[in-house]
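The values are calculated or read from the model by the stated rules, or taken from the named source; none is laboratory data. None of the values given here were measured: they were computed from a predicted structure. Cβ: placed from backbone, ideal geometry, glycine included. Neighbour counts: every protein chain shown.
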Amino acid sequence: MPEHKTSALILDMKDFGETDRIVTFYTSNFGKLKGIAKGAKKSQRRFGAAMDLFSCVSLSFFSKEIHGLVMVNQCQIQQAFPSLHKDIIPMGYGSYMAELINEMTAERVEHQDIFEMLVQFFSLLDRFPPREEYLRIFEMRLLFALGYCPSLTRCVACKKELEKGKDFRFSISRGGVVCAFCSNNGKDEYSVSQGTLKLLQQAYILSIDKISRLIFSTQALAESREFLPRFIQYHLGKELKTSKFLKKMENDRF
Ligand SMILES: [Zn+2]
């Protein structure tokens, strides 16, 4: 049975029976993978501390599948992100990012950019205090990487460049900004200012080391919070479990 090795992040983990675990990885070389780790609840030698949510591990697995699951042979810890386990906000943010990737990507489709992006954002949450901007920046970068990036510089309907000082709306179903002329004031349209659109464009252009310094205005946070998660939900056809939790967290905070 051929054995494969790759770096991987742990997106999700469930107990299975008395001793096993079913683990969802996002790997560097194979994209998303689901595997069964036999005896993971008991074997410290083969899995040890590596079997922890969000951890970056060196994974070895056998490709022979059992019910669509690869057989996990061994996991060794490469990088842990301890702050993601210490406080509810970084944990909530990390869980949202992991669930987004889990839901938006297909199994066994290699996408190195996405693996690297997730490592970078887990590191960011580990090193810096959590800020809501990270969620919006992550959403924009993921949409861009997967080819769903909304149109933010031209009206999606008439294709004209957006004029300064005018009112715009973000249309979920039309996939981007519409000018006042093309807006139908529909239920799926949300007001958006030019300042917010500029910040969202920077969110996927900026190099990762500058992200911790990108600050959204209160208005930009409020506007993007309204339509970006809904835009993602529209593509997924369902609401993420963690987004309900994040909403509750926001309500409790204000
Ligand atoms: Zn237009």
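The residue that is nearest to the ligand (Cβ to nearest atom), among those in segment 156-184 that are polar (S, T, N, Q) and under 30 Å from the mean Cα position of the chain (by Cα), is Ser183. Right, Pro130: within 16 Å of the ligand (Cβ to nearest atom), under 20 Å from the mean Cα position of the chain (by Cα) and buried (at least 19 other Cβ atoms within 10 Å of the Cβ) or not? No, not satisfied. Being free of Cβ contacts under 8 Å to residues at least 60 places away in the same chain and within 12 Å of the ligand (Cβ to nearest atom) is the requirement here; does Phe138 meet it? Against the criterion (free of Cβ contacts under 8 Å to residues at least 60 places away in the same chain and within 12 Å of the ligand (Cβ to nearest atom)), Phe138 does not qualify.
When Phe216 is tested against (1) crowded, with 19+ Cβ neighbours inside 10 Å; (2) more than 15 Å from the ligand (Cβ to nearest atom); (3) in a strand (DSSP E or B), exactly one condition is not met: (3).
Pairing each residue of segment 44-66 that is farther than 16 Å from Gly94 by Cα and touching a residue at least 40 places away in the same chain (Cβ under 8 Å) with any residue that is of a type in the set (D, E, K, R) and surrounded by fewer than 18 Cβ atoms within 10 Å (Cβ to Cβ), provided the two are 6+ apart or on different chains, yields C-beta distances under 6 Å for Ser60/Glu3; Ser60/Lys5; Phe62/Glu3. When you check Ala98 against the structure, is it aliphatic (A, V, I, L, M) and either in the same structural domain as Lys238 (by TED's automatic domain parsing) or surrounded by 22 or more Cβ atoms within 10 Å (Cβ to Cβ) (or both), yes or no? Against the criterion (aliphatic (A, V, I, L, M) and either in the same structural domain as Lys238 (by TED's automatic domain parsing) or surrounded by 22 or more Cβ atoms within 10 Å (Cβ to Cβ) (or both)), Ala98 qualifies. Go through the residues of segment 45-67 one by one and say whether even a single one is of a type in the set (Phe, Trp, Tyr), in contact with a Pro (Cβ under 7 Å, 6 or more places away or on another chain) and under 30 Å from Gly237 (Cβ atoms). No, the conditions are met nowhere in segment 45-67.
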